[in-house]
Amino acid sequence: MAEGSSKKRHADVLDSANGTQGKKKISGHWSQGLYASMSDPDMIVESDDKVVVIKDKYPKAKHHFLILPKENIPNLKSLKPDHVDLLKHIEKIGKDVAEKTDKKLKFRYGYHAVPSMSMLHLHVISQDFNSPCLKTKKHWNSFTSDYFVDSKDVIKTLEKDGKVVYDLKENQAFLSQDLRCHVCKKPQKNMPTLKEHIKQHDYSID
Ligand code: AMP
Ligand code: ZN
């Protein structure tokens, strides 16, 4: 379980996803770690007047970035109808970064329905999932099940409903679902088997 928590909290659903397990509290709570990375020159990839692009500190694929708004928006629940343009901008910057980084690999752009880190962040992640940081079933399911909500669907929901709220229990269930390859959907016994299996697939853009 992550540092700073003795009870099971909703933020722990990804437990080690953040690489914060067992870490000593240095400054502030571990869930605030993205604030520090947003101003760390070693983590920043680029920025403009509205957003900062950082490297994910524990990348779950060959390329994994986070796009954060400079405006203080703690999470999806804090979004207001007038944030639609900002979300579109975040997605556009995410796609630009992916294109600049690797023109061949497929990427997805999305949000965790129940994030563990504070500060709204879009995941920009290549679909090879080739990374030593990708270790657990929860990691896998958080990026390959409906727990990972595509940016375009978040934007559609905000446009339609004026808010974005995902059910905690329903989404937690995605994290414990059986392992399956994200490409051919073949069931996988465990993470080592899955990681070996996914090597055979081609993650290039068609
Ligand atoms: P989530 O909150 O579930 O959307 O995921 C948070 C993401 O932040 C994970 O992919 C972590 O690997 C990543 N992460 C955790 N701590 C940091 C940090 N200090 N700087 C950058 N990325 C981080
Ligand atoms: Zn497969």
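The values are calculated or read from the model by the stated rules, or taken from the named source; none is laboratory data. This structure is a prediction, so every number in the text was calculated from the model and none was measured. All Cβ positions, even for glycine, are placed from backbone atoms using ideal geometry, and neighbour counts span all protein chains on display.
So, of the residues in region 46-73 that are within 11 Å of ligand 1 (Cβ to nearest atom), surrounded by fewer than 21 Cβ atoms within 10 Å (Cβ to Cβ) and not charged (D, E, K, R), which turns out to be nearest to Ile93 (Cα to Cα)? Step by step, filter region 46-73, then rank; the result is Pro59. Can you go through Thr136, Thr157, Thr101 and tell me which one is modelled with pLDDT of 95 or more, over 30 Å from Asp85 (Cβ atoms) and surrounded by fewer than 18 Cβ atoms within 10 Å (Cβ to Cβ)? Testing whether each residue is modelled with pLDDT of 95 or more, over 30 Å from Asp85 (Cβ atoms) and surrounded by fewer than 18 Cβ atoms within 10 Å (Cβ to Cβ) leaves just Thr136. Region 36-148 holds strands (runs of 3 or more DSSP E) entirely within its bounds, and those carrying 3 or more residues that are closer than 29 Å to Lys195 by Cβ map to 51-55, 64-69, 107-112, 122-126.
Only residues that are surrounded by fewer than 16 Cβ atoms within 10 Å (Cβ to Cβ) and under 19 Å from the mean Cα position of the chain (by Cα) were counted in region 192-206, giving 0. Considering region 59-89 alone, what residues qualify as being farther than 17 Å from Phe148 by Cα and touching a Gly at 6+ places or on another chain (Cβ under 7 Å)? Pro81, the sole residue that qualifies.
What about Asp146, is it surrounded by fewer than 22 Cβ atoms within 10 Å (Cβ to Cβ), closer than 26 Å to Asp48 by Cβ and either more than 13 Å from ligand 1 (Cβ to nearest atom) or among the β-branched types (Val, Ile, Thr) (or both)?
No, not satisfied.
State yes or no: is Ile198 under 15 Å from Gly110 (Cα atoms), at pLDDT 95 or above and away from ligand 1 (no atom under 16 Å from the Cβ)? No: the conditions fail for Ile198.
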